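Below: one structure, written as C-alpha coordinates.
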Amino acid sequence: MINSKVFEVLSPLIEIIKASIGKTIGEIKSELNIERENMKKGASGLIVENLLGKKNNNEDEPDIPEIGCEIKVLPLQKNRDGLIKAKEPTQIQMINYFQVNSENWDNAKIRRKIKLTFWIVYLAKINSTSLLQDDYRIVDFFVDQPNDSIQEIFKKDWEAIQNYIKVGLADRLSCSMGTYIEPKTKGKNNQDLTPAPNGHGGKIMVRRRAFYYKKNYTNTKVIPNLNLSIINE
(Lines give C-alpha, C1' and ligand atoms only; values in the text may rest on other atoms or scores of the structure.)
Protein backbone atom coordinates (compact mmCIF):
# COMPACT_ATOMS: atom_id res chain seq x y z
CA MET A 1 0.00 0.00 0.00
CA ILE A 2 1.25 3.48 -0.85
CA ASN A 3 1.91 5.32 2.41
CA SER A 4 1.34 8.94 3.39
CA LYS A 5 5.02 9.89 2.93
CA VAL A 6 4.85 8.84 -0.72
CA PHE A 7 1.73 10.95 -1.27
CA GLU A 8 3.35 13.91 0.47
CA VAL A 9 6.47 13.79 -1.71
CA LEU A 10 4.73 12.96 -4.98
CA SER A 11 1.78 15.36 -4.67
CA PRO A 12 3.65 18.46 -5.97
CA LEU A 13 5.00 16.46 -8.94
CA ILE A 14 1.57 15.02 -9.68
CA GLU A 15 0.09 18.53 -9.72
CA ILE A 16 2.74 19.63 -12.23
CA ILE A 17 1.92 16.74 -14.54
CA LYS A 18 -1.84 17.24 -14.11
CA ALA A 19 -1.39 20.82 -15.26
CA SER A 20 0.58 19.57 -18.29
CA ILE A 21 -1.89 16.93 -19.52
CA GLY A 22 -2.89 17.73 -23.09
CA LYS A 23 0.09 20.02 -23.67
CA THR A 24 2.75 19.30 -26.27
CA ILE A 25 6.46 19.23 -25.63
CA GLY A 26 6.73 22.37 -27.75
CA GLU A 27 4.21 24.18 -25.57
CA ILE A 28 6.00 23.09 -22.39
CA LYS A 29 9.34 24.25 -23.81
CA SER A 30 7.80 27.62 -24.59
CA GLU A 31 6.36 27.96 -21.07
CA LEU A 32 9.75 27.08 -19.56
CA ASN A 33 11.62 29.35 -21.99
CA ILE A 34 13.79 26.46 -23.14
CA GLU A 35 15.43 26.49 -26.56
CA ARG A 36 16.09 23.16 -28.26
CA GLU A 37 19.87 23.49 -27.94
CA ASN A 38 19.52 23.89 -24.19
CA MET A 39 17.09 21.01 -23.70
CA LYS A 40 18.63 18.01 -21.98
CA LYS A 41 18.11 14.43 -23.18
CA GLY A 42 15.16 15.08 -25.44
CA ALA A 43 11.57 14.74 -24.26
CA SER A 44 12.45 12.59 -21.27
CA GLY A 45 14.98 15.12 -20.01
CA LEU A 46 12.61 18.00 -20.58
CA ILE A 47 9.85 16.38 -18.56
CA VAL A 48 11.92 14.96 -15.72
CA GLU A 49 14.76 17.44 -15.34
CA ASN A 50 13.24 20.70 -16.52
CA LEU A 51 9.54 20.37 -15.76
CA LEU A 52 9.79 18.37 -12.53
CA GLY A 53 13.22 19.59 -11.48
CA LYS A 54 14.43 16.04 -10.73
CA LYS A 55 17.52 14.20 -11.90
CA ASN A 56 16.75 11.06 -13.89
CA ASN A 57 19.51 8.46 -13.62
CA ASN A 58 20.49 4.88 -14.36
CA GLU A 59 22.51 4.42 -11.19
CA ASP A 60 21.66 2.20 -8.22
CA GLU A 61 19.63 4.79 -6.30
CA PRO A 62 16.07 5.73 -7.37
CA ASP A 63 15.33 9.22 -8.66
CA ILE A 64 13.50 10.19 -5.46
CA PRO A 65 15.55 8.36 -2.81
CA GLU A 66 13.60 9.61 0.22
CA ILE A 67 10.64 7.45 -0.81
CA GLY A 68 12.47 4.96 -3.02
CA CYS A 69 10.62 6.11 -6.13
CA GLU A 70 11.85 5.98 -9.71
CA ILE A 71 10.56 8.38 -12.39
CA LYS A 72 9.94 6.86 -15.83
CA VAL A 73 8.73 8.52 -19.00
CA LEU A 74 6.75 6.25 -21.31
CA PRO A 75 6.08 7.05 -25.00
CA LEU A 76 2.89 5.60 -26.49
CA GLN A 77 1.88 4.74 -30.01
CA LYS A 78 -1.66 4.61 -31.37
CA ASN A 79 -2.02 1.92 -34.04
CA ARG A 80 -4.27 1.98 -37.09
CA ASP A 81 -6.67 -0.39 -35.34
CA GLY A 82 -7.04 2.12 -32.51
CA LEU A 83 -5.04 0.12 -29.99
CA ILE A 84 -2.71 2.16 -27.79
CA LYS A 85 0.53 0.46 -26.81
CA ALA A 86 3.98 1.22 -25.46
CA LYS A 87 6.22 2.45 -28.25
CA GLU A 88 9.35 0.78 -26.85
CA PRO A 89 10.78 -1.03 -23.81
CA THR A 90 11.74 1.19 -20.87
CA GLN A 91 15.26 1.19 -19.47
CA ILE A 92 15.65 0.48 -15.76
CA GLN A 93 19.44 0.53 -15.28
CA MET A 94 22.68 -0.66 -16.83
CA ILE A 95 23.80 -4.21 -16.07
CA ASN A 96 27.04 -4.52 -14.17
CA TYR A 97 27.77 -8.17 -14.94
CA PHE A 98 30.17 -8.80 -12.06
CA GLN A 99 27.84 -7.07 -9.61
CA VAL A 100 24.82 -9.10 -10.72
CA ASN A 101 26.93 -12.26 -10.59
CA SER A 102 27.67 -11.69 -6.88
CA GLU A 103 24.15 -10.65 -5.82
CA ASN A 104 21.11 -12.56 -4.71
CA TRP A 105 17.56 -11.30 -5.16
CA ASP A 106 17.35 -10.04 -1.58
CA ASN A 107 20.24 -7.59 -2.10
CA ALA A 108 19.97 -7.04 -5.86
CA LYS A 109 20.49 -3.36 -6.75
CA ILE A 110 17.73 -3.43 -9.35
CA ARG A 111 15.12 -3.88 -6.62
CA ARG A 112 15.63 -0.26 -5.55
CA LYS A 113 14.54 0.85 -9.02
CA ILE A 114 11.39 -1.24 -9.46
CA LYS A 115 9.52 -1.14 -6.16
CA LEU A 116 7.78 2.22 -6.77
CA THR A 117 7.57 4.13 -10.05
CA PHE A 118 6.03 7.44 -11.06
CA TRP A 119 5.18 6.93 -14.73
CA ILE A 120 4.66 9.98 -16.96
CA VAL A 121 3.12 9.09 -20.29
CA TYR A 122 3.06 10.90 -23.64
CA LEU A 123 1.91 10.15 -27.19
CA ALA A 124 4.82 9.83 -29.62
CA LYS A 125 3.57 7.85 -32.61
CA ILE A 126 0.32 7.59 -34.59
CA ASN A 127 -0.46 5.08 -37.35
CA SER A 128 3.19 4.02 -37.80
CA THR A 129 4.34 7.65 -38.05
CA SER A 130 6.56 9.05 -35.34
CA LEU A 131 5.57 12.55 -34.32
CA LEU A 132 8.07 15.39 -34.20
CA GLN A 133 9.34 15.73 -30.65
CA ASP A 134 7.72 19.15 -30.21
CA ASP A 135 4.37 17.51 -31.05
CA TYR A 136 4.58 14.81 -28.36
CA ARG A 137 1.61 15.31 -26.06
CA ILE A 138 1.40 14.58 -22.31
CA VAL A 139 -1.35 12.00 -21.76
CA ASP A 140 -1.45 10.98 -18.09
CA PHE A 141 0.54 9.65 -15.14
CA PHE A 142 0.46 6.54 -12.96
CA VAL A 143 1.98 5.72 -9.56
CA ASP A 144 2.99 2.06 -9.81
CA GLN A 145 3.72 -0.11 -6.78
CA PRO A 146 3.98 -3.70 -8.08
CA ASN A 147 2.32 -6.28 -5.85
CA ASP A 148 3.96 -9.45 -4.54
CA SER A 149 2.94 -11.59 -7.51
CA ILE A 150 4.48 -9.13 -9.96
CA GLN A 151 7.61 -8.87 -7.83
CA GLU A 152 7.88 -12.66 -7.98
CA ILE A 153 7.90 -12.47 -11.78
CA PHE A 154 10.56 -9.74 -11.61
CA LYS A 155 12.59 -12.12 -9.44
CA LYS A 156 12.27 -15.02 -11.91
CA ASP A 157 13.28 -12.79 -14.81
CA TRP A 158 16.27 -11.44 -12.90
CA GLU A 159 17.40 -14.91 -11.79
CA ALA A 160 17.23 -16.23 -15.36
CA ILE A 161 19.47 -13.36 -16.49
CA GLN A 162 21.82 -13.90 -13.56
CA ASN A 163 22.13 -17.62 -14.35
CA TYR A 164 23.40 -16.82 -17.85
CA ILE A 165 25.94 -14.43 -16.39
CA LYS A 166 27.11 -16.90 -13.72
CA VAL A 167 27.95 -19.64 -16.24
CA GLY A 168 29.77 -17.30 -18.61
CA LEU A 169 26.99 -16.82 -21.15
CA ALA A 170 26.43 -13.08 -20.76
CA ASP A 171 27.10 -12.68 -24.49
CA ARG A 172 24.05 -14.86 -25.20
CA LEU A 173 21.57 -12.81 -23.22
CA SER A 174 18.62 -11.80 -25.37
CA CYS A 175 15.77 -9.31 -25.18
CA SER A 176 13.46 -12.25 -25.93
CA MET A 177 14.11 -13.42 -22.36
CA GLY A 178 11.84 -12.60 -19.44
CA THR A 179 8.17 -11.94 -18.86
CA TYR A 180 8.45 -8.38 -17.54
CA ILE A 181 12.22 -7.63 -17.52
CA GLU A 182 14.65 -8.17 -20.39
CA PRO A 183 18.41 -7.68 -20.90
CA LYS A 184 18.66 -5.32 -23.89
CA THR A 185 21.91 -4.39 -25.62
CA LYS A 186 23.29 -0.88 -25.20
CA GLY A 187 26.25 0.98 -26.62
CA LYS A 188 27.25 2.41 -29.96
CA ASN A 189 27.85 -0.91 -31.76
CA ASN A 190 28.88 -4.53 -31.27
CA GLN A 191 32.42 -3.39 -30.52
CA ASP A 192 31.30 -1.51 -27.40
CA LEU A 193 32.26 -4.18 -24.86
CA THR A 194 32.56 -4.54 -21.10
CA PRO A 195 33.91 -7.35 -18.88
CA ALA A 196 31.72 -10.19 -17.59
CA PRO A 197 32.41 -13.43 -15.70
CA ASN A 198 33.47 -16.38 -17.84
CA GLY A 199 32.07 -18.92 -15.39
CA HIS A 200 35.52 -20.13 -14.32
CA GLY A 201 36.82 -17.26 -12.21
CA GLY A 202 38.05 -15.20 -15.15
CA LYS A 203 36.43 -12.70 -17.48
CA ILE A 204 35.22 -12.31 -21.03
CA MET A 205 34.34 -9.20 -22.99
CA VAL A 206 30.68 -8.88 -24.00
CA ARG A 207 28.19 -6.33 -25.30
CA ARG A 208 26.92 -3.77 -22.82
CA ARG A 209 23.36 -4.39 -21.73
CA ALA A 210 20.74 -2.84 -19.50
CA PHE A 211 17.72 -4.14 -17.64
CA TYR A 212 14.54 -2.97 -19.36
CA TYR A 213 10.85 -3.24 -18.62
CA LYS A 214 9.45 -5.24 -21.50
CA LYS A 215 6.57 -3.73 -23.43
CA ASN A 216 4.54 -6.63 -22.05
CA TYR A 217 4.85 -5.02 -18.62
CA THR A 218 3.89 -1.48 -19.57
CA ASN A 219 1.15 -2.69 -21.93
CA THR A 220 -0.52 -4.80 -19.23
CA LYS A 221 0.36 -3.12 -15.93
CA VAL A 222 0.67 0.60 -16.73
CA ILE A 223 -1.37 1.53 -19.79
CA PRO A 224 -4.66 -0.07 -18.57
CA ASN A 225 -4.49 2.29 -15.56
CA LEU A 226 -4.28 5.46 -17.67
CA ASN A 227 -6.90 7.94 -18.75
CA LEU A 228 -6.44 7.88 -22.54
CA SER A 229 -9.19 10.34 -23.39
CA ILE A 230 -6.65 12.89 -24.69
CA ILE A 231 -5.61 10.40 -27.38
CA ASN A 232 -9.10 9.20 -28.24
CA GLU A 233 -10.67 12.65 -28.66
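The values are calculated or read from the model by the stated rules, or taken from the named source; none is laboratory data. Since we're looking at a predicted model, the values are computed, not measured. So basically every Cβ, Gly included, is an ideal-geometry build from the backbone, and we count neighbours across all protein chains shown.
Considering only residues that are closer than 26 Å to Phe98 by Cβ and among the small types (Gly, Ala, Ser), which ones fall in the stretch 204-233? Once the filter is applied, which keeps residues that are closer than 26 Å to Phe98 by Cβ and among the small types (Gly, Ala, Ser), the stretch 204-233 yields only Ala210.
Of all residues in the stretch 70-123, how many are closer than 22 Å to Ile2 by Cβ and assigned to a helix (DSSP H, G or I)?
Kept after step one, since they are closer than 22 Å to Ile2 by Cβ, are these residues of the stretch 70-123: 70-74, 90, 92, 110-121.
After this cut, where a residue has to be assigned to a helix (DSSP H, G or I) as well, the list is 111-114.
Counting residues in the stretch 70-123 that are closer than 22 Å to Ile2 by Cβ and assigned to a helix (DSSP H, G or I) gives 4.
Pairs meeting the criteria (first residue in the stretch 54-67 and surrounded by 17 or more Cβ atoms within 10 Å (Cβ to Cβ), second residue among the acidic types (Asp, Glu) and modelled with pLDDT of 75 or more, beta carbons under 8 Å, at least 6 apart or on different chains) are Asn56/Glu49; Asn56/Asp63; Pro62/Glu70; Asp63/Glu70; Ile64/Glu70. Residues in the stretch 157-178 that are surrounded by 15 or more Cβ atoms within 10 Å (Cβ to Cβ) and either of a type in the set (S, T, N, Q) or under 16 Å from Lys113 (Cα atoms) (or both): Asp157, Trp158, Gln162.
For the stretch 117-174, give me each residue that is hydrophobic (A, V, I, L, M, F, W, C), in contact (Cβ under 8 Å) with a residue 40 or more places away in the chain and touching a Gly at 6+ places or on another chain (Cβ under 8 Å). Walk me through it before giving the result.
Narrowing the stretch 117-174 to residues hydrophobic (A, V, I, L, M, F, W, C): 118-121, 123-124, 126, 131-132, 138-139, 141-143, 150, 153-154, 158, 160-161, 165, 167, 169-170, 173.
Right, trim to in contact (Cβ under 8 Å) with a residue 40 or more places away in the chain and you get 118-121, 123-124, 126, 138-139, 141-143, 150, 154, 158, 161, 165, 170.
Hits for the stretch 117-174 are Ile138, Ile161.
So, of the residues in the stretch 197-213 that are touching a residue at least 40 places away in the same chain (Cβ under 8 Å) and among the hydrophobic types (A, V, I, L, M, F, W, C), which turns out to be surrounded by the most Cβ atoms within 10 Å (Cβ to Cβ)? Out of the qualifying residues, it is Phe211. The set of residues from the stretch 18-27 being buried (at least 20 other Cβ atoms within 10 Å of the Cβ) and aliphatic (A, V, I, L, M) comprises just one member, Ile25.
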